[in-house]
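Visitor: Pasting in a structure now, in structure tokens, and then I'll have a few things to ask.
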Amino acid sequence: MMISREKAPTAQETFAQMAQAAGLRGRLLVTVGLLILVRLGVFLPVPGIDRQAFRAQVQNSPLVGLLDLFSGGGIVALGIFALGILPFINASIIMQLLTAALPSLENLQKNEGEAGRRKISQWTRYVALVWAVIQSIGISIWVSPFAEVANPGFWFYAKTVVALTAGSMFVMWVSELITERGLGNGASLLIFLNIVAVVPKSFAATIDLAQTGGREIVGKVIILLVVFLVMIVGIVFVQEGSRRIPIISARRQVGRKLYLEKSSYLPLRLNQGGVMPIIFASAVLFLPASLANFVQNETLNRIAATYLNPGSPVYVITYLVLILFFSYFYASLIVNPVDLAQNLKKMGSSIPGIRPGKATSEYVERVLNRLTFLGAVFLGVVAIVPTAVESATVGTFRGLGATSLLILVGVAIDTSKQIQTYVISQRYEGMVKE
């Protein structure tokens with residue numbers, strides 16, 4: 001095969017490498033096989049529960065619909081993989097917050113190298129186990145009215161908790177196996193798979209509605225699909241958008257060799273937090289509704305129905321404020337201007353026109369704040385516009401909103417970049433053999 005010398009591999013070269021290169025083909029087969037295995041586990045039922053009665057009870061709940069979206073239908077189906085990768089995702093978020101808040105964990109991550117990162121990964125697994133047990137207990141209490149026996153006892157709760165926890169731990173192990181021996185990030189790919197699994201149902205419902213409805217319904221469906229396509233294109237541009245700050249490295253002499261001044265750039269992404277600000281904001285807003293459903297308090301239910309309804313002005317304003325807050329919070333976790341300025345100074349690099357040290361950190365912080373504000377505004381638009389358009393047109397894409405679009409586009413971009421990296425490495429190996 002002729003190996004192209006272009007900077008980025010073409011689609012033809014990528015598919016050819018997938019078919020011919022043993023390493024890339026093996027990683028692809030491992031990834032696809034494990035993803036199929038996880039999907040099959042979603043439909044293995046938890047024993048002792050009347051699933052038909054449970055489905056009829058919760059199928060119209062917005063909260064259950066959102067959770068069911070990220071579990072690929074596992075919540076409503078009550079499969080042993082109902083929790084899926086969510087406990088591991090929650091544990092990862094908790095460990096990220098603790099690492100930023102506790103100096104000992106931060107030192108372990110930054111200064112202990114690979115051994116420190118392995119310790120943090122192991123603690124993340126323990127936190128995921130505890131979180132899975134807590135969620136399994138809550139689900140077992142929630143589904144106990146739908147037990148096949150009249151008065152479910154200790155063994156019913158024990159079997160349900162063990163089945164759901166074991167399923168979640170198995171999914172976590174599969175995600176790590178995909179990350180290590182497959183293609184892409186395992187946890188992200190599992191969420192991607194779960195969201196994609198419910199897309200055909202939404203498309204089928206939309207097509208049926210367009211066929212049975214009149215011209216007005218067809219027009220609304222077209223508007224909805226156009227808005228979703230425009231949002232996907234916008235997400236791609238913003239996810240790939242970055243501000244390139246020029247950096248100049250001072251000339252230096254090593255022995256008799258003089259290294260001339262080099263110029264490069266520091267890329268600061270427009271959307272540093274990715275989908276995390278929307279996930280955090282959604283979790284905060286869903287917490288009162290979940291508490292109201294669990295407590296069954298009339299006052300809390302009335303407040304949740306009035307002010308936490310996605311169509312209410314209070315909900316929209318609170319949602320936008322939370323997205324803005326979490327965007328700045330997550331950007332501060334990812335990029336530390338003080339550490340960045342110190343690293344540039346140690347390397348003998350500087351930003352043109354900016355003095356090293358404090359002036360550099362202040363400049364980077366100022367640029368980062370502006371970028372974060374623009375990214376937060378974009379996230380707010382993506383979070384509100386699809387929901388508003390769906391409410392004004394047809395509701396067949398219920399649940400497939402901003403968070404889902406960001407995850408689908410972001411995971412697809414990251415996975416394609418990793419595949420391109422493998423293709424480029426194969427290209428260089430071919431150059432060496434030549």
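Since every read-out is calculated from the coordinates, none of them should be taken as a lab result. This is a predicted model, so every value here is computed, not measured. No Cβ is skipped: glycine too gets one built from the backbone with ideal geometry, and neighbour counts run over all protein chains shown.
Visitor: Please compute, for the alpha-carbon atoms of the stretch 103-155, the extent along each of the three principal axes and give them in descending order in Å.
Guide: Here the spans come out as 57, 17, 13 Å, largest first.
Visitor: Where the only charges are on Cβ atoms (+1 Lys, Arg; -1 Asp, Glu), what is the dipole of the stretch 160-237 about its Cα centre, to the nearest 20 debye?
Guide: 180 debye
Visitor: Assuming R0 = 35 Å, can you tell me the calculated FRET efficiency for the pair Gln211 and Ser416, based on Cβ-Cβ distance, to the nearest 0.05?
Guide: Efficiency computed from Cβ-Cβ geometry: 0.55.
Visitor: At a Förster radius of 45 Å, what calculated FRET efficiency corresponds to the Cβ-Cβ distance of Glu148 and Tyr126, to the nearest 0.05?
Guide: 0.85
Visitor: For the pair Arg51 and Arg118, how long in nm is the line joining their label points, each one 7 Å along Cα→Cβ?
Guide: 4.0 nm
Visitor: Hey, with R₀ at 45 Å, roughly what FRET efficiency would Val367 and Phe43 work out to, going by the Cβ-Cβ distance, to 0.05?
Guide: So, using R0 = 45 Å, E works out to roughly 0.35.
Visitor: Take Asn111, project a point 7 Å from its Cα along the Cβ direction, then tell me which residues of the stretch 342-364 have their backbone nitrogen under 16 Å from it.
Guide: Residues 343 fall inside that zone.
Visitor: Sort 145-155, 26-36 for me by packing, meaning the mean count of neighbouring Cβ atoms within 10 Å per residue, highest on top.
Guide: Result, highest mean Cβ count within 10 Å first: 26-36, 145-155.
Visitor: Still on this structure, please answer the following. Please list 157-163, 168-174 highest first by mean number of surrounding beta-carbon atoms within 10 Å per residue.
Guide: Averaged packing, sorted descending, gives the order 168-174, 157-163.
Visitor: Let me ask something else. Express the Stokes-Einstein translational diffusion coefficient of the stretch 113-208 in µm² s⁻¹, to the nearest whole number, given a Kirkwood radius over alpha-carbon pairs, 4 °C and a viscosity of 1.567 mPa s.
Guide: Translational D for this selection: 80 µm²/s.
Visitor: While we're on this one: Report the label-to-label distance for Arg181 and Val30 in nanometres (one decimal), using points 7 Å from each Cα along the Cα→Cβ vector.
Guide: Roughly 0.5 nm, to one decimal.
Visitor: How big is the stretch 162-234 along each principal axis, measuring the range of its Cα positions in Å and listing the largest first?
Guide: Largest first, the stretch 162-234 extends 50, 32, 14 Å along its Cα principal axes.
Visitor: Which parts of the stretch 353-367 would a label at Lys345 reach, counting a residue when its backbone N lies under 15 Å from a point 7 Å out along Cα-to-Cβ?
Guide: From the stretch 353-367, the list is 354-365.
Visitor: Given H placed 1.01 Å from N in the peptide plane, which residues other than close sequence neighbours of Leu266 have an amide H under 5 Å from its amide H?
Guide: Long-range HN contacts for Leu266: Ile245, Ile247.
Visitor: Working out 0.36 nm times the residue gap between Leu102 and Ser425, then minus their Cα-Cα distance, what length gain in nm do you get to one decimal?
Guide: Value of the extension gain: 112.4 nm.
Visitor: Lys and Arg at +1, Asp and Glu at -1: add these up for the other residues within a Cβ distance under 13 Å of Leu371 and post the number.
Guide: So the surrounding residues net to +4.
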